Amino acid sequence: EISVHGKELKVTWEPAQTRAVSVSSPASELDGCSAACGSFEASSSCWDVWPSGRQERTRLPSESVGLVDPVRMGPSGVVPGELGLFAAVDFLPGDLIFKEDPAMVVSFSARSRAGVLKMGAVAAEKFLALPHNTRTAVLGLAATPGCGFLHEHLRTDKPEELVRSLAEGGFDVGTGDLEDVSRFLGILDTNMYTKNVGEVALYVTFSRANHSCEPNARSNNYGLVACGSIVAGEEIFISYLPEQEQLLPPEKRRTILQRWGFVCGCRSCTDWQDTEAPPQQAEARALDEHIDADPENATVEDFDRLAQLVHQLPVEHWLGGSALEKLWQFHQQAAEIVPSGKEEHLRLALLHTERYLAFLDWNLRDRPSVLRPRIRGRLARAQLQLGDVHAAAHSAFGALEESSSIFAPDHQLCVEAHTTLQECCCAEASSGPAEPPRPPPPTGTAGPCLACAKQVEAVAFCPECRTAQYCSKDCQKKDKKRHNRKQCAEMANAAKR
């Protein structure tokens, strides 16, 4: 339990919903006893059960404890001819839907040819050693032909090359098993899930969940967790893309999703207003790629120009947040290298972090996010460095609240947010009276026009934030729709700081 400015935040982590059940088991010592029932184990179709008066846990099938299996499989509503995963009961955000033991875990050292051949050989050997029922279930999963790094090196579509490649990796496959092994490697290529560093896992039930760019569930080390309200009968979707790739425009996401052989039909992709990109976007993208290609030789002018272009672009054209990440890194490093301009660079880093957070809010809405608490924690540390203790505590509180809803309390993000909150409390206790707010900038100052980027003396200002400046009344009218209330408040807060 943590107290911040009189507000209590209680962080609890309980991966299994506890239910009181009556056990009906053939085992005489358990029959009729009460028990606490936890999570559903999808791989064995059993429930975790803790009988009363016992310390050890046991696993019992659904009919023994009188509970409905939380998921079922059925024809997918988005991928014709394939199965999908459906909720059999209602779930609230944060509920654990099920846990699952992997059918297999395979280690790999590198994506070099030798590493991939070794991985393929080990996976094929483990597959042939699976029980018959598990092998049948694995072979029932979908496989996208001709995609993935296993296919590139093993050529699963050419039996003679596959035999030679697996032999090179250290496994001799028999001719009777060749067809099954070939299909299995395609399935592994399509459905493998990174479990730990250097390890991939294959799950039978979890692999039935189809993709959506607006998923209603997510995976973690405990199992599949609802990230929104799911009603019984609704299909369960996860995202096949990392969070940074979910922020990309639909056309970019479609290109990445081609490796799974389908076109996403979620609301985020179909309702996208494919408006013509502003002329500044092509220059911003070219500049972003130029800095990526040779970051050591990027000049201060490159970063200043990138900042101007991002400032002029609407939020949906912010290059997936990559430009904002570069600008934050540049000003953070500049603050460390140039002591005389430390405060100025920290304020600019803070401004770009706030924009990045606004970008994430615009894209992710209320979906749980791993990236957002990380950026919010970064914002809190920058605010604390600049002496804005109350704003830092608010940001750190938000980071801790969201990260603790996803991770265990000892996760790095939770620990960092907790540490920042403690530093805020110490700083507030030792600080004197707050400084008066800084006055807004005077009219008539020189700078870039927010609409056309001309470096001229400002003629007009936004009447609300007194920070957005324009070279003419016409430019102010043109920019009225883009300079919305959120951006206005953001710029006003930055000016006050």
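Does the range 191-223 hold any residues that are in a loop (DSSP other than H, G, I, E, B) and either more than 21 Å from C269 (Cα to Cα) or open to solvent by 40 Å² or more (accessible area, probe 1.4 Å) (or both), and which are they? Of everything in the range 191-223, those that are in a loop (DSSP other than H, G, I, E, B) and either more than 21 Å from C269 (Cα to Cα) or open to solvent by 40 Å² or more (accessible area, probe 1.4 Å) (or both) turn out to be M192, V197, G198, Y203, V204, T205, E214, N220, N221, Y222, G223.
Only one of the numbered conditions (1) out of contact with any Asp or Glu (no Cβ under 8 Å at 6 or more places or on another chain); (2) open to solvent by 40 Å² or more (accessible area, probe 1.4 Å); (3) over 30 Å from A282 (Cβ atoms); (4) touching a residue at least 40 places away in the same chain (Cβ under 8 Å) is violated by P368, and that is (1).
The helices (runs of 4 or more DSSP H) found wholly in the range 224-273 and carrying at least 3 residues that are surrounded by 15 or more Cβ atoms within 10 Å (Cβ to Cβ) occupy 243-246, 250-257.
Could you please find all residues in the range 295-347 being at pLDDT 80 or above, closer than 21 Å to R372 by Cβ and open to solvent by 30 Å² or more (accessible area, probe 1.4 Å)? If the condition is that a residue be at pLDDT 80 or above, closer than 21 Å to R372 by Cβ and open to solvent by 30 Å² or more (accessible area, probe 1.4 Å), then E325, W328, Q329, Q332 are the ones that fit.
Among residues of the range 110-129 being modelled with pLDDT under 85 and in a loop (DSSP other than H, G, I, E, B), the one that is most open to solvent (accessible area, probe 1.4 Å) is R111. Restricting the range 404-444 to residues that are modelled with pLDDT under 85 and among the charged types (D, E, K, R) leaves a set whose member that is nearest to A382 (Cα to Cα) is E428.
Contact map, the range 130-145: residues that are part of a helix (DSSP H, G or I) paired with residues that are modelled with pLDDT of 90 or more, Cβ distance under 6 Å, separation 6+ or inter-chain. Pairs shown: T134/A103; A137/V204; V138/A103. On the given criteria, is A88 more than 27 Å from R218 (Cα to Cα), surrounded by fewer than 16 Cβ atoms within 10 Å (Cβ to Cβ) and either in contact with a Gly (Cβ under 9 Å, 6 or more places away or on another chain) or aromatic (F, W, Y) (or both)? Criteria not met by A88.
The values are calculated or read from the model by the stated rules, or taken from the named source; none is laboratory data. Source: prediction; values computed, not measured. Every residue, glycine among them, receives a Cβ derived from its backbone with ideal geometry; neighbour counts consider all protein chains shown. In case anyone asks, the SASA skips ligands and DNA or RNA and just uses the protein heavy atoms, side chains included. Shrake-Rupley method; radii C 1.70, N 1.55, O 1.52, S 1.80 Å.
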